[in-house]
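Worksheet: the structure to be examined is printed underneath.
The values are calculated or read from the model by the stated rules, or taken from the named source; none is laboratory data. Please read these numbers as outputs of a predicted model, since none were measured by experiment. A quick note on method: Cβ atoms are made from the backbone with ideal geometry, for glycine too, and the neighbour counts reach across all protein chains shown. All accessible areas refer to the heavy atoms of the entire protein, side chains included, with ligands and DNA or RNA removed. Shrake-Rupley method; radii C 1.70, N 1.55, O 1.52, S 1.80 Å.
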Amino acid sequence: MSDKAKMAYISDGHDFLAEGKYHEAIALYKKALELDENYVEAYLSIGKSYELMGALDEAVEILKEGLERNPDEPFLHTSLSQCYQKKGMIPEAEEEMAIAYHLQQSR
């Protein structure tokens, strides 16, 4: 499928997310990932959905999966840092933020 289809899943997912329909949003974001397993926006969106639900372990898990495929993506590191911070994992949060900062500076 095309990039247009991926973007449509993300856009429709964002509509659900704005309505607080997290499970519906996640389902659409995962469809975008099925089309492109490296799609950073899908990982970020799933992670944010889980974070908003209070499912921080799931958010961390999907963000780590995204980083396995996109290790040089600063936004994934930043999002993971935020989740770690909310979990009280401050050293891990600081490490992820430092990585994100370094990656951003080298762009």
Requested in this report: Could you tell me what percent of the accessible area of segment 9-107 is made up of carbon and sulfur, with a 1.4 Å probe and every protein chain present?
Outcome: 49
**Report entry** Dipole in debye (nearest 20) - the chain, about Cα centre, beta carbon charges: Lys, Arg +1; Asp, Glu -1
**Finding:** 200
Query - Leu103 accessible area, assembled protein chains, probe 1.4 Å, Å² - result: 20
Query raised in the report: Counting only protein chains, not ligands or nucleic acids, how are Tyr43, Tyr22 ordered by accessible area (probe 1.4 Å), most first?
Result: Tyr22, Tyr43
Query - Student exercise, segment 1-57 dipole from Lys, Arg, Asp, Glu Cβ charges, in Debye to nearest 20 - result: 60
Requested in this report: Only one of the values [x] 8.2; [y] 5.6; [z] 6.5 was calculated from this structure for mean projected area of the Cα convex hull in nm²; name its label.
Outcome: [z]
Report task. Could you work out how far helix 3-18 tilts from the main Cα principal axis of the chain, as a 0 to 90 degree angle to the nearest 10? Result -> 80
Query raised in the report: Of Gly88, Leu76, Ala25, which is farthest along the charge dipole of the chain in the positive direction, counting Lys and Arg as +1 and Asp and Glu as -1 at C-beta?
Result: Ala25
Report task. Provide the per residue accessible area, probe 1.4 Å, for the chain, rounded to a whole number of square angstrom. Result -> 59
**Report entry** Expected 222 nm ellipticity per residue - DSSP helices of 4 or more, -39500 (n - 2.57), all of the chain, to 500
**Finding:** -26500 deg cm²/dmol
